[in-house]
Structure formats: C-alpha cells, structure tokens
Amino acid sequence: MKSDIQYSIIIPVYNEEKVVNETYKRLKQVMDTTGESYELIFINDGSKDDTAQIIQDLCRKDTNVKLINFSRNFGHQIAISAGMDNAAGRAVVVIDADLQDPPEVILKMAEKWKQGYEVVYGKRMKRKGESFFKKFTAVAFYRLLRSLTNVDIPVDTGDFRLIDRRVCDVMKGLKEKNRYVRGLVSWVGFRQAAVEYIREERWAGETKYPLKKMIRFALDAITSFSYKPLKAATYLGLTLGITSFLYLMIVFNQTQFVQTAVAPSVSIGTANLIFKGAIAINLVFNAAILLVLGIIGEYVGRIYDESKDRPLYIIKNKVGFDYDKRNNETHQ
Ligand code: UDP
Ligand code: MG
C-alpha cells in the first residue's frame with residue numbers, strides 16, 4: 001500500500017489536557033504552511049484527565065488528526081514506538097506535546113530531509129525554564145552514556161526528530177521491550193544531520209518525568225547500549241582482590257616481626273578500634289558485592305522482560321484512521 005501522506009507527526013500525550021489544544025493549533029499552523037499532506041497522530045498513553053476527550057473532539061473537526069488510545073500508561077518511549085507503527089507518512093516526526101520542542105523547527109528538519117538526510121535530529125543548544133538539577137543530570141547523563149557505548153549517540157538530543165519512511169520501517173522491526181528510542185535511531189545508521197534549536201519552557205502543566213522515571217529511563221539507555229557496567233564488576237573485583245592480598249602480606253609481615261621482637265601488648269581501647277575498623281571494611285566489601293549483584297540484576301530483569309515476549313503495548317481504540325472512519329471509536 002503506497003501512502004499519499006507526506007508527513008506523520010507523532011505526539012505522545014500523558015495527562016496533557018492543559019496543552020493539547022494549543023499544541024494542535026501550533027502544529028496545524030506550521031504544517032499548513034508546507035502545502036503538503038500530513039497527519040497528526042496523538043498517542044494517548046493512558047491519561048487519567050480529559051486529554052482523550054479533547055483530542056477526540058479535534059478528530060471530529062479535522063480529518064488530519066488521529067488518536068490512538070492505550071489501555072493504560074505504557075510510557076513515553078513505547079508511545080513513540082506505537083506512533084511509528086501507525087504512521088503512514090513519507091517522513092515521520094516525533095515531537096513532545098508540551099511545546100518544549102517548537103513545531104516551527106519541523107520546517108527546518110523537512111528542508112534537510114529533502115536534501116537527502118534520512119534522520120534529522122533536533123540538538124538542544126539551550127534549555128529554558130528547567131531546574132538546575134534537570135539540566136545538570138541531563139548534561140552528565142548524555143556524556144556518561146557516550147563514554148559507555150560504541151554507538152554514536154549524539155549528546156543533548158531528545159526524541160524530537162524527523163525520520164524517513166525507510167528508517168521508520170527499520171524501527172518497526174526492532175521489538176525490544178525496554179526501549180531507548182533515540183539510541184535505536186542512532187544505531188540503525190543512515191545519513192543523519194542535526195538542526196539546532198532552543199528548548200522552550202513547558203507551555204502548561206507539569207513534567208511527566210519524575211526522578212523515578214528519569215532513573216529508569218537512564219538505566220534503560222545504558223543497559224540497552226552497553227555492557228561495560230558488567231565489566232566494571234570484574235575490574236572492581238580485581239582491584240579489591242589485589243588490595244586485600246597486599247594488605248594480607250603487610251599483616252603477615254608485621255605478625256612475624258612482633259613475635260620475634262616485641263611482645264604484643266594491646267590495650268582494650270586499641271582492640272576496640274581494630275574491631276570497629278574490621279567491621280567498617282567488611283561493610284565496604286559487602287556493599288561492593290551488593291552493588292555488583294544489583295548491576296547484574298538490571299540486566300537479568302531486562303532479559304526476563306524480553307523472554308516473556310508480551311506485546312509492547314495494548315491499544316484500546318483508534319480514532320480517525322482510514323479503516324475505522326465509518327465506525328469511529330470501535331474497539332479493535
Ligand atoms: N509522556 C508520555 N507518557 C509518559 C510520560 C510522558 O506519553 O509516561 C509524554 C508527555 O505527555 C510529553 C512527552 O512524553 O508529551 C515528554 O514528557 P515531559 O514533557 O513530561 O518530559 P520532560 O520534557 O519534562 O523531560
Ligand atoms: Mg517536556
């Protein structure tokens with residue numbers, strides 16, 4: 001089936017009732033200027049507010065708007081993947097719903113795409129209105145990830161990007177569960193180019209990425225693209241082993257010396273100190289062991305997720321797609 005849609009815009013939404021109308025307006029404005037066909041696919045990631053209702057109303061008014069409702073919250077990265085699975089355009093754009101990624105930048109991306117680049121990603125030159133903590137952790141995370149992986153994942157880029165149909169088709173074949181989409185896009189290769197932009201403040205509402213989700217996201221990224229943390233366990237073990245052996249030699253030496261030269265006389269106070277020291281060293285070693293077990297656990301858990309082979313997401317219903325236009329809101 002050959003599509004006659006030029007652009008598919010994928011917008012994951014989770015409890016975004018305060019922004020979706022504005023997001024739609026801005027996107028429509030920008031996309032209308034292209035004079036080419038487009039579709040706006042909103043993926044409602046199990047919102048508990050009125051997000052779905054608002055988008056459904058938009059679908060009724062504008063046939064370019066489409067909606068996919070998940071059966072529950074599956075997460076941002078999975079929502080993007082569902083968007084790619086359902087996009088029909090020759091170029092597919094992923095954009096956040098909160099207008100932090102300015103829709104106007106899509107035009108610049110489209111320009112590069114027409115020059116022959118299959119992936120055009122947005123590079124954040126500046127981030128406005130985000131906390132120092134968020135900015136700092138983001139800078140540190142992207143650099144750590146870069147040092148850990150062999151895949152050339154550009155720093156300071158989010159999921160805001162345009163990909164060609166060919167790249168989208170390849171992405172559809174990658175079914176891994178704990179996904180780091182921007183890493184996967186780098187991994188597939190093709191000709192890639194950057195468009196620089198300033199990341200705006202969130203237009204309304206709050207971030208849907210609390211610290212817990214951020215940590216999970218970072219762990220998914222690292223475990224998906226690197227097993228260096230597992231190697232780190234070997235190096236940690238080696239270092240601790242060598243240190244312990246050297247220390248043992250010193251103690252052994254001292255004991256011999258003490259036996260032949262001076263009779264040992266240890267006060268209660270000194271004995272107490274030695275005892276506490278021994279406990280402290282033991283705690284350090286135990287912590288190191290648990291840490292390494294935790295790292296292994298992160299990988300094993302993900303292997304377990306893969307082995308269950310459950311679907312990536314469950315769609316409750318779709319609105320505005322061709323085949324259910326006659327009978328909108330039907331369950332599939
Ligand atoms: N989002 C989602 N599912 C989630 C969390 C977020 O679909 O579980 C969407 C959210 O609606 C937004 C985008 O992902 O369109 C980015 O989220 P957010 O702006 O809250 O993240 P931040 O910019 O603060 O990192
Ligand atoms: Mg945001």
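The values are calculated or read from the model by the stated rules, or taken from the named source; none is laboratory data. Only a predicted model underlies this, so the values are computations on that prediction, with no experimental measurement involved. All Cβ positions, glycine included, derive from the backbone under ideal geometry; neighbour counts span all protein chains shown.
Observations
- Restricting the stretch 45-73 to residues that are assigned to a helix (DSSP H, G or I) and of a type in the set (Lys, Arg), the residue that is nearest to residue 24 (Cα to Cα): 61
- The number of residues in the stretch 133-168 that are at pLDDT 85 or above, out of contact with any Lys or Arg (no Cβ under 7 Å at 6 or more places or on another chain) and not basic (Lys, Arg) comes to 6.
- Residues located in the stretch 89-102, provided they are surrounded by fewer than 21 Cβ atoms within 10 Å (Cβ to Cβ) and away from ligand 1 (no atom under 13 Å from the Cβ): 90, 102
- Whichever residue in the stretch 119-163 is touching a helix residue (DSSP H, G or I) at 6+ places or on another chain (Cβ under 6 Å), assigned to a loop (DSSP other than H, G, I, E, B) and in contact (Cβ under 8 Å) with a residue 60 or more places away in the chain and, among such residues, is surrounded by the fewest Cβ atoms within 10 Å (Cβ to Cβ): 151
- Assessment of the stretch 295-318 against the conditions (over 30 Å from residue 225 (Cα atoms), part of a helix (DSSP H, G or I) and of a type in the set (Ser, Thr, Tyr)) yields no matching residue.
- Matching residues in the stretch 172-188 - criterion: being over 16 Å from residue 117 (Cβ atoms) and more than 16 Å from ligand 2 (Cβ to nearest atom): 172, 173, 174, 175, 176, 177, 178, 179, 180, 183, 184, 187
- Residues that are in contact with an Asp or Glu (Cβ under 9 Å, 6 or more places away or on another chain) and under 19 Å from residue 101 (Cβ atoms), drawn from the stretch 45-58: 51
- Residues (in a loop (DSSP other than H, G, I, E, B) and either modelled with pLDDT under 95 or touching a Leu at 6+ places or on another chain (Cβ under 6 Å) (or both)) located in the stretch 91-112: 96, 97, 98, 99, 100, 101, 102, 103, 104
- Single condition residue 71 does not satisfy, out of (1) within 16 Å of ligand 1 (Cβ to nearest atom); (2) free of Cβ contacts under 8 Å to residues at least 40 places away in the same chain: (2)
- Considering the stretch 103-146, the residues that are among the β-branched types (Val, Ile, Thr) and away from ligand 1 (no atom under 13 Å from the Cβ) include one that is farthest from residue 44 (Cα to Cα), namely 139.
- For the stretch 189-228, the set of residues classified as more than 30 Å from residue 115 (Cα to Cα) and assigned to a loop (DSSP other than H, G, I, E, B) consists of 201, 202, 203, 204, 205, 206, 207, 208, 209, 210, 226, 227, listed by residue number.
- Within the stretch 216-257, the set of residues being modelled with pLDDT of 85 or more and among the β-branched types (Val, Ile, Thr) comprises 222, 223, 234, 239, 242, 243, 250.
- Test: residue in the stretch 53-67 that is in contact with a Phe, Trp or Tyr (Cβ under 9 Å, 6 or more places away or on another chain), within 15 Å of residue 16 (Cβ to Cβ) and within 11 Å of ligand 1 (Cβ to nearest atom): no
- Sole exception among (1) surrounded by fewer than 17 Cβ atoms within 10 Å (Cβ to Cβ); (2) out of contact with any Gly (no Cβ under 7 Å at 6 or more places or on another chain) for residue 184, by number: (1)
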